[in-house]
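What follows is a single structure, written as C-alpha cells, with notes after it.
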Amino acid sequence: MRKTITTIVLASILTSCSLFTSLTSTTYIKANESFVLGNNEHGAFNIKLTNNSNHPLKIVMAPIEGGTHSPIVVNPNETIYVKTEKNTAVIIENKSTDAASVALHLTGDTGLSMGYKN
C-alpha cells in the first residue's frame, strides 16, 4: 500500500512539474513572413519539423542576446530534427510568394513565446 501511494505521489509531482511536456501544432506562415518560436527566456527544447509546403523554408537559430547561426534549408515534404539551446529562438522563414505550412512537434521546455514577423 505504501509503495502504491509513493508511486502515485511521484507521478503527480512529475506531471505537475512538466518534465514530460510536448506540443504538437500545424503552423501556417504567410508569404514573405517568418514565425519566431522561443524569443524569451526558456530551457532547451527539441523540434521535429516537417515542411508541408511546396517550396523550401529556411530555419535559423537566434539567441535572445542577439545574432543568428546554424541556418538550415528544409525542402518540401522534408522532416528535420533540431535541438535548441536554452534562451535561443528558432526562426522559420518563408521567403516565398506563397503561404507555407509546417508540422511541429516540440519536446522539452514548451513555455515558449510564439509570433510572426515581417
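The values are calculated or read from the model by the stated rules, or taken from the named source; none is laboratory data. Being a predicted model, the structure only gives us computed values, none of them experimental. All Cβ positions, even for glycine, are placed from backbone atoms using ideal geometry, and neighbour counts span all protein chains on display. Calculation scope for accessible area: heavy atoms of the full protein, side chains included, ligands and nucleic acids excluded. Shrake-Rupley method; radii C 1.70, N 1.55, O 1.52, S 1.80 Å.
Among the residues in the range 18-37, are any modelled with pLDDT of 95 or more, open to solvent by 50 Å² or more (accessible area, probe 1.4 Å) and β-branched (Val, Ile, Thr)? For the range 18-37, residues modelled with pLDDT of 95 or more, open to solvent by 50 Å² or more (accessible area, probe 1.4 Å) and β-branched (Val, Ile, Thr): absent.
Scanning the range 71-118 for residues that are of a type outside the set (Phe, Trp, Tyr), farther than 16 Å from ILE29 by Cα and open to solvent by 60 Å² or more (accessible area, probe 1.4 Å) gives PRO71, GLU78, LYS83, GLU85, LYS86, HIS105. When you look at ALA11, is it modelled with pLDDT under 95 and open to solvent by less than 80 Å² (accessible area, probe 1.4 Å), yes or no? Here the answer is yes, as ALA11 does meet what is asked.
Let's see how each residue does on (1) outside any strand (DSSP E or B); (2) modelled with pLDDT under 95:
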residue	(1), (2)
LEU49	no, no
HIS55	yes, no
VAL60	no, no
GLU65	yes, yes
PRO76	yes, no
TYR81	no, no
ILE91	no, no
ASP98	yes, no
THR110	yes, yes
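Here THR24 meets the list (1) within 19 Å of GLY111 (Cα to Cα); (2) free of Cβ contacts under 8 Å to residues at least 60 places away in the same chain; (3) β-branched (Val, Ile, Thr) almost entirely, failing just condition (2).
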